[in-house]
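Visitor: Submitted below is the structure of interest, expressed as structure tokens.
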Ligand SMILES: CC(C)(COP(=O)(O)OP(=O)(O)OC[C@H]1O[C@@H](n2cnc3c(N)ncnc32)[C@H](O)[C@@H]1OP(=O)(O)O)[C@@H](O)C(=O)NCCC(=O)NCCS
């Protein structure tokens, strides 16, 4: 997942530790209501590294639920696997799970210049709800806010 994120310097804002923490469970703390979806490509056998997963990861999505509201943190697809419906599969699954858990809405923000992601969200019926001026650093850019409401 981390390697895929490094392909996108403008969206690379999460640390290696963040990714490790997604899969760590602690008996002391209740698990956060975090959903991580991973898409693998079982037909890709190029990865011959020792300890590498048999089916390489080609995309992933992470979202967090607070009360009945979901926040989509990121959806990322490996460059070589884009435009083949992987983000669509991941978002469909998020929406399915959010609805199944009686979710109210999904919120997200995205860089203004990210036309591919904005087209993806529009296709799913997300509506623009506002702008956060200068929200993103390096390079500085406004964030466009989106919401998909279920009820
Ligand atoms: C945005 C992103 C996740 C799309 O993933 P994908 O698997 O290629 O998307 P899909 O194949 O499921 O495409 C679904 C829809 O998204 C839109 N879309 C995807 N790529 C697009 C592009 N390059 N230009 C315009 N629209 C695009 C289209 O509406 C498309 O529907 P269509 O195929 O009917 O035209 C991918 O480009 C990516 O990983 N970008 C870098 C990370 C990022 O910016 N993530 C979002 C912010 S966290």
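The values are calculated or read from the model by the stated rules, or taken from the named source; none is laboratory data. Everything quoted here is computed from the prediction, not taken from an experiment. Ideal geometry is used to build each Cβ from the backbone, glycine not excepted, and the neighbour counts take in all protein chains shown.
Visitor: Output the residue which, of all residues in segment 87-108 that are near the ligand (Cβ under 9 Å from one of its atoms) and within 24 Å of residue 15 (Cβ to Cβ), is surrounded by the fewest Cβ atoms within 10 Å (Cβ to Cβ). Break it down stepwise before answering.
Guide: Taking segment 87-108 as the starting set, the residues that turn out to be near the ligand (Cβ under 9 Å from one of its atoms) are 87-91, 108.
So of that shortlist, the ones also within 24 Å of residue 15 (Cβ to Cβ) come out as 87, 90, 108.
On the way: 87: 23, 90: 22, 108: 20.
Residue satisfying both the conditions and the ranking: 108.
Visitor: Can I ask one more? Inspect all residues belonging to segment 63-76 and state whether any of them is modelled with pLDDT under 95, near the ligand (Cβ under 8 Å from one of its atoms), out of contact with any helix residue (DSSP H, G or I) (no Cβ under 6 Å at 6 or more places or on another chain) and not in a loop (DSSP other than H, G, I, E, B).
Guide: The answer is yes, given that some residue of segment 63-76 is modelled with pLDDT under 95, near the ligand (Cβ under 8 Å from one of its atoms), out of contact with any helix residue (DSSP H, G or I) (no Cβ under 6 Å at 6 or more places or on another chain) and not in a loop (DSSP other than H, G, I, E, B).
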